[in-house]
Amino acid sequence: MADMTVAYSPSHGLGEEDSIWFKLSALLNQEDPMQVLMALCEKYKGVLPVNLKNQRIVLLSEPEHAERVLVTNADNYTKYFDGLRPVFGRSMITIDGALWQKIRVPQQAAFHPKMFEEYFPYLMSAIDSKMDRWQKLADSGETVEMVEETWTMAADMVCRALFDREMPFNPHFVFKQVKTYTDVVNHKNVRLKNVRGELEEITAEDPAKAMEIWHSVPDTVISANVIDHREKTLLTAMQEAEADPDFPEFDHRQVIDEMKQYLWAGTETTALTLAWSLYLLSQHPEAMQRVREEAHRVCGDADPDWNQVQQLSYTRMVIQETMRLYPPIWGLIRIAAGDDEIAGHKINAGDKVSILTYIAHHSPKYWEEPEKFDPERFAPERAKKRRKYSYLPFAAGKRACIGGALSQIENTLALVQLLRRFTPEYVGPTPAKIRATVTLCPQGGLPFKIRKLS
Ligand code: HEM
């Protein structure tokens with residue numbers, strides 16, 4: 001495989017001054033950035049044009065704005081990924097138009113719901129290995145960082161189910177490296193990173209080194225132990241595309257970039273959702289108890305089998321409610337290709353627009369008692385009454401998340417299995433604060449102690 005390794009060439013960095021993230025950092029680097037955005041959106045009726053130097057960014061927060069940008073006039077709004085190119089390369093999440101469609105085709109079948117049953121044993125084995133670790137953590141009584149715990153498991157799931165490989169890298173190390181890069185509000189403009197209460201300086205070399213390590217990961221995965229030599233996996237589908245002489249766009253570089261996309265976009269989001277849901281459940285013991293009771297009612301004392309997964313409806317609602325309160329992707333960014341008008345505001349070609357999904361998720365216009373953790377609001381009868389496009393954890397329209405359904409199966413299984421054996425106890429300050437990086441992270445992490453369920 002060594003001869004196939006793709007050379008790494010960095011493109012311009014995340015902390016560069018022309019990046020939206022850099023420009024918005026003063027706004028986002030607040031004690032409670034979402035409260036600031038919510039207050040501004042309320043004051044300006046959901047449309048917030050921000051002029052920053054020679055760049056106009058229009059922040060949008062209402063469901064009808066999301067519908068316009070993501071669905072009814074989606075062709076006018078192209079993807080914006082400046083600064084994140086080194087993380088995602090030229091993978092499909094970053095590209096548009098006919099090329100996006102062409103690159104997506106060979107990958108789509110791997111996300112068809114009929115594939116999930118095939119993935120089921122691989123998801124379960126990733127959960128089993130997490131439970132082995134938690135058994136030891138419960139014995140030692142040490143405090144763990146929950147996002148690291150759930151991120152390792154999500155990466156393990158992707159490697160096993162989608163690539164048919166044992167996870168050959170140390171995710172704690174690799175993801176910490178990439179987070180150094182994407183931790184935008186403390187990058188370049190601040191240069192100091194708070195790591196569990198201690199300030200560490202980020203030097204210019206750190207992000208470059210981080211990206212070099214990140215770039216080497218996909219080839220390491222391809223060369224790792226193959227688990228079952230399955231014929232049709234996401235990886236084999238991409239390798240077939242690579243071998244197809246009529247598909248020159250899907251070269252080895254493309255395979256590497258798509259893998260980076262799955263190892264990042266398909267893991268951090270899933271991991272944040274699970275970690276936030278464990279935090280919420282630790283604050284609502286009655287809901288934790290309901291998850292356990294449901295698991296017992298559906299599966300007895302045995303592990304769930306595939307047919308039982310659909311019956312774990314309360315657990316699934318817990319995951320959905322978590323993504324409402326803590327949407328891992330809290331804002332979607334697009335560039336207007338041509339002029340448009342949204343809610344009476346002119347959008348000029350070249351403007352960037354950001355759909356702030358977090359704001360609609362927390363709006364009293366669309367949710368009763370929006371700050372309350374209430375999984376039952378996702379019960380079918382209540383969900384039917386919901387305003388369309390007021391709940392967008394996976395975006396909407398043709399560019400919606402390809403892995404949304406899979407992530408909910410991963411997290412439903414993980415919650416059920418982990419909570420039947422353990423009580424993860426949140427030991428950080430309450431309420432946990434958020435930190436608005438590209439993803440919605442807990443500020444300073446989510447420290448937990450793992451207790452065995454007696
Ligand atoms: C809770 C878990 C997840 C959340 C909240 C999430 C969220 C999102 C969102 C909001 C987008 C659209 C981004 C945009 O329009 O700019 C997206 C796209 C995408 N997601 Fe996810 N995601 C999750 C899990 C996954 C998983 C498990 C995978 C795959 C293993 C995945 C793979 C992708 C890909 C490939 C795209 C780009 C699709 C395209 O552009 O055609 N995601 N995700």
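Where a number appears in this text, it was derived from the coordinates with a stated rule and is not lab data. The shown structure was predicted, so the numbers you read here are calculated from the model rather than taken from an experiment. Here the Cβ positions follow ideal geometry from the backbone for every residue, glycine too, while neighbour counts run over all protein chains shown.
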Quick check on segment 250-267: of everything there that is closer than 15 Å to Phe169 by Cβ and assigned to a helix (DSSP H, G or I), which residue is nearest to the ligand (Cβ to nearest atom)? Tyr262
Search result, residues across segment 336-361 that are touching a residue at least 60 places away in the same chain (Cβ under 8 Å), surrounded by 17 or more Cβ atoms within 10 Å (Cβ to Cβ) and within 16 Å of the ligand (Cβ to nearest atom): Ala336, Lys352, Val353, Ser354, Ile355, Leu356, Thr357, Tyr358, Ile359, Ala360
As an exercise: evaluate Phe247 against (1) under 18 Å from His172 (Cα atoms); (2) outside any helix (DSSP H, G or I) and give the number of the one condition it does not meet. (1)
Hits in segment 89-130 (condition: of a type in the set (A, V, I, L, M) and touching a strand residue (DSSP E or B) at 6+ places or on another chain (Cβ under 8 Å)): Ile93, Ile95
Segments classed as strands (runs of 3 or more DSSP E), wholly inside segment 329-431, with at least 1 members that are within 26 Å of Glu268 (Cβ to Cβ): 332-336, 352-355, 422-426
Which residues, counting only those in segment 113-138, are under 20 Å from the mean Cα position of the chain (by Cα) and away from the ligand (no atom under 13 Å from the Cβ)? Pro113, Ile127, Lys130
Consider Val144 against the criteria (1) under 30 Å from Ser277 (Cβ atoms); (2) among the β-branched types (Val, Ile, Thr); (3) away from the ligand (no atom under 12 Å from the Cβ); (4) out of contact with any strand residue (DSSP E or B) (no Cβ under 6 Å at 6 or more places or on another chain): it satisfies all of them except one. Which criterion is unmet? (4)
Is it fair to say Ala241 is more than 26 Å from Gln177 (Cβ to Cβ) and without any contact (Cβ under 8 Å) to a residue 40 or more places away in the chain? no
Can you work out which of the residues in segment 73-128 that are basic (Lys, Arg) and in a helix (DSSP H, G or I) is farthest from Asp305 (Cα to Cα)? Arg85
Go through segment 377-393 and give me each residue that's in contact with a Lys or Arg (Cβ under 9 Å, 6 or more places away or on another chain), away from the ligand (no atom under 16 Å from the Cβ) and over 18 Å from Ala287 (Cα atoms). Ala383, Arg386, Arg387
